[in-house]
Amino acid sequence: MTTLKQLRLRHFLDEWQSIEHQATQENWSYAQFLLALAQGEASRREQNRISRALSEAQLPYGKSWTNFEFDHIPSLNPAALMEFSQTTHWLESGSNILIFGPSGTGKTHVSSALGTSMIELGKRVKFLTATALVQQLQLAKLQLELQSLLSKLDRYDLLIIDDLGYVQKSDVETSVLFELIAHRYERKSLLITANQPFSQWDKIFPNSMMTVAAIDRLIHHATIFEMQAESFRKQEAAKHTAKSQKTDR
């Protein structure tokens, strides 16, 4: 038992007796017995890895493919999106995904579900709102540690930046956002959600040259998804109002 603890074979330690009983009942060979223990150990370690990675990623809770209403977004191609969710090739080539659409159409939901899929496939993911990310980058720049922070973010195969359009533009914010985009260009992937099309990104990047340069780097190796539909939240509010009015009658 001490040896199993030293080797950190937790599943072996916890389950060997029950698996031994099953092996005896079913007349397994020694090889079958050892294989069952090894498979259980591998499964437990993978579950623990996914749990740690999800905690690290800080993805919004409860947003998965199984509870996303694709029928609500006719402009979205589910097959194309699912293709990205089933492979890591796009991450390994440093490609990006850009998701555009009005507020409340499920952009955050889709980005979170895709992030979860990448974690399940063995990649490291980090989810940040654009506002929170900019605040971190600004602070790092003031402390002369921006390059250090950019290098730390390199540990993530996918960096999800949610609601880019809500960033309050200023020269400082423009600078740090552009430096992040330029730093990850053709090296590490970004998934960006925004409610503003490229034609309105001058509201995010007040310097037109920087706006063009940022967009150019993002779209060079990118797939763009459009999510044009009525807000889910608006629909839910309307249903709730209608239900309340019906109850009051």
* Asked: Conditions: (1) in the same structural domain as Ser111 (by TED's automatic domain parsing); (2) at pLDDT 95 or above. Arg52 meets all but one. Number of the miss?
  -> (1)
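One line per residue, one yes/no per condition, for (1) touching a residue at least 60 places away in the same chain (Cβ under 8 Å); (2) among the polar types (S, T, N, Q); (3) exposed (fewer than 14 other Cβ atoms within 10 Å of the Cβ):
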site: Thr2; (1), (2), (3): no, yes, yes
site: Lys5; (1), (2), (3): no, no, yes
site: Trp16; (1), (2), (3): no, no, no
site: Leu37; (1), (2), (3): no, no, no
site: Gly40; (1), (2), (3): no, no, no
site: Arg45; (1), (2), (3): no, no, no
site: Ser51; (1), (2), (3): no, yes, yes
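Scan Ser112, Ser175 and give me the residue that is part of a helix (DSSP H, G or I), of a type outside the set (Val, Ile, Thr) and modelled with pLDDT under 95.
Numbers: Ser112 fails: modelled with pLDDT under 95.
Being part of a helix (DSSP H, G or I), of a type outside the set (Val, Ile, Thr) and modelled with pLDDT under 95 holds for just one of Ser112, Ser175, which is Ser175.
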* To do: Check the range 153-163 and report whether any residue there is of a type outside the set (A, V, I, L, M, F, W, C) and part of a helix (DSSP H, G or I).
  => no
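Results for (1) closer than 30 Å to Thr66 by Cβ; (2) buried (at least 20 other Cβ atoms within 10 Å of the Cβ); (3) aromatic (Phe, Trp, Tyr), shown as yes or no for each residue.
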| site | (1), (2), (3) |
| --- | --- |
| Gly106 | yes, yes, no |
| Gly122 | yes, no, no |
| Gln135 | no, no, no |
| Leu158 | yes, yes, no |
| Ile161 | yes, yes, no |
| Tyr166 | yes, no, yes |
| Leu177 | no, yes, no |
| Gln196 | yes, no, no |
| Gln200 | no, no, no |
* Which one of Glu92, Glu56, Glu69 is farther than 17 Å from Ile160 by Cα and among the charged types (D, E, K, R)? -> Glu69
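Quick one: is Leu159 among the aliphatic types (A, V, I, L, M) and touching a Lys or Arg at 6+ places or on another chain (Cβ under 6 Å)? Write out each step before concluding.
Details: among the aliphatic types (A, V, I, L, M): yes; touching a Lys or Arg at 6+ places or on another chain (Cβ under 6 Å): yes.
Yes; evaluated as a whole, the condition is true for this residue.
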* Structure fact -> Of the listed residues (Ser75, Ser103, Ser85, Ser93), the one being farther than 30 Å from Lys152 by Cα, under 19 Å from the mean Cα position of the chain (by Cα), among the polar types (S, T, N, Q) and assigned by TED's automatic domain parsing to the domain that holds His183 is Ser103
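The values are calculated or read from the model by the stated rules, or taken from the named source; none is laboratory data. Remember, predicted model here, so these are calculated numbers, not experimental data. Positions of Cβ are generated from backbone atoms using ideal geometry, with glycine treated the same way; all protein chains shown enter the neighbour counts.
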